[in-house]
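The values are calculated or read from the model by the stated rules, or taken from the named source; none is laboratory data. Computed from a predicted model, the values in this text were never measured in an experiment. Positions of Cβ are generated from backbone atoms using ideal geometry, with glycine treated the same way; all protein chains shown enter the neighbour counts.
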Ligand SMILES: N[C@@H](CCC(=O)N[C@@H](CS)C(=O)NCC(=O)O)C(=O)O
């Protein structure tokens, strides 16, 4: 298998951390590609020109990150990263959706703040996306005390999202007023899987 990859993509980070946590990392080759420049080798595999894209041994490809994670989780014999059934499954999938939603908003914020010419910035839109991130972080702060030693796709996705806020900013000092989330992230980010998938400093 081949993973189309970017060192700064938090969605890719989620997949790479899962590969490490499940012991699958040696079964996947990794190749970096810039989705924004729409290279043909990526658009042939994924018309959306996005990473992560996973190319399977039969030449077919899978995207986006939740689909790739679900596929990979079926390939190993260790503890499931996505519980197969029951309330825990829906909790993990809901957490992944919330974390990915934070990322979708954070990328839009980065686009407004960094990429769009200042004269064209749309503060109304920026405000909506920033407030969505802040509300999600407040919810995670309320939930974090219950996470304890969990290792699954829900918490991997949350940690990847928080790491991206550290990398790109967008909502200022997110740890302020959120001590439980900050303490949990400090411990979780020290896991070998999170260190191995961290963006370059
Ligand atoms: N929903 C997708 C989002 C992936 C995504 O936004 N990837 C970004 C990099 S962080 C990308 O490839 N952007 C290139 C583009 O939009 O052209 C997933 O979960 O995989």
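Among the residues in segment 137-155, are any within 14 Å of the ligand (Cβ to nearest atom) and surrounded by 13 or more Cβ atoms within 10 Å (Cβ to Cβ)? Steps first, please.
The first filter runs over segment 137-155 and keeps only residues within 14 Å of the ligand (Cβ to nearest atom), leaving 153.
From what's left, surrounded by 13 or more Cβ atoms within 10 Å (Cβ to Cβ): 153.
Yes, because at least one residue in segment 137-155 is within 14 Å of the ligand (Cβ to nearest atom) and surrounded by 13 or more Cβ atoms within 10 Å (Cβ to Cβ).
Applying the set (1) touching a helix residue (DSSP H, G or I) at 6+ places or on another chain (Cβ under 7 Å); (2) within 14 Å of the ligand (Cβ to nearest atom) to residue 21 leaves exactly one unmet item: (2).
Return the residues of segment 24-35 that are within 14 Å of the ligand (Cβ to nearest atom) and more than 22 Å from residue 99 (Cα to Cα); say none if nothing qualifies.
31, 32, 33, 34
Within segment 50-84, the residues that satisfy the criterion of being part of a loop (DSSP other than H, G, I, E, B) and within 17 Å of residue 20 (Cα to Cα) are 52, 74, 75, 76, 77, 78, 79, 80, 81, 82. Condition check for residue 42 on (1) surrounded by 13 or more Cβ atoms within 10 Å (Cβ to Cβ); (2) part of a helix (DSSP H, G or I); (3) more than 16 Å from the ligand (Cβ to nearest atom); (4) not assigned by TED's automatic domain parsing to the domain that holds residue 146: one failure, at (3). The set of residues in segment 90-130 that are more than 17 Å from the chain's Cα centre (by Cα) and within 13 Å of the ligand (Cβ to nearest atom) comprises 111, 115. Screening residue 91 against (1) closer than 27 Å to residue 49 by Cα; (2) in contact (Cβ under 8 Å) with a residue 24 or more places away in the chain; (3) part of a helix (DSSP H, G or I) leaves a single unmet condition, (1). Can you name every residue in segment 57-81 that is closer than 19 Å to residue 44 by Cβ, within 16 Å of the ligand (Cβ to nearest atom) and in contact (Cβ under 8 Å) with a residue 40 or more places away in the chain? Correct list: 64, 68.
Counting only helices (runs of 4 or more DSSP H) that sit wholly inside segment 133-201, those with at least 1 residues that are farther than 27 Å from residue 67 by Cα and assigned by TED's automatic domain parsing to the domain that holds residue 115 are 179-188. Checking each residue in segment 24-54 for being touching a helix residue (DSSP H, G or I) at 6+ places or on another chain (Cβ under 7 Å) and at pLDDT 95 or above picks out 24, 25, 28, 33, 42, 49, 50, 51, 52, 53, 54.
Only one entry of 73, 57 meets the criterion of being modelled with pLDDT of 95 or more and surrounded by 19 or more Cβ atoms within 10 Å (Cβ to Cβ), and that entry is 73. For segment 1-18, taking the residues that are in a helix (DSSP H, G or I) and away from the ligand (no atom under 11 Å from the Cβ), the one that is nearest to residue 81 (Cα to Cα) is identified as 18.
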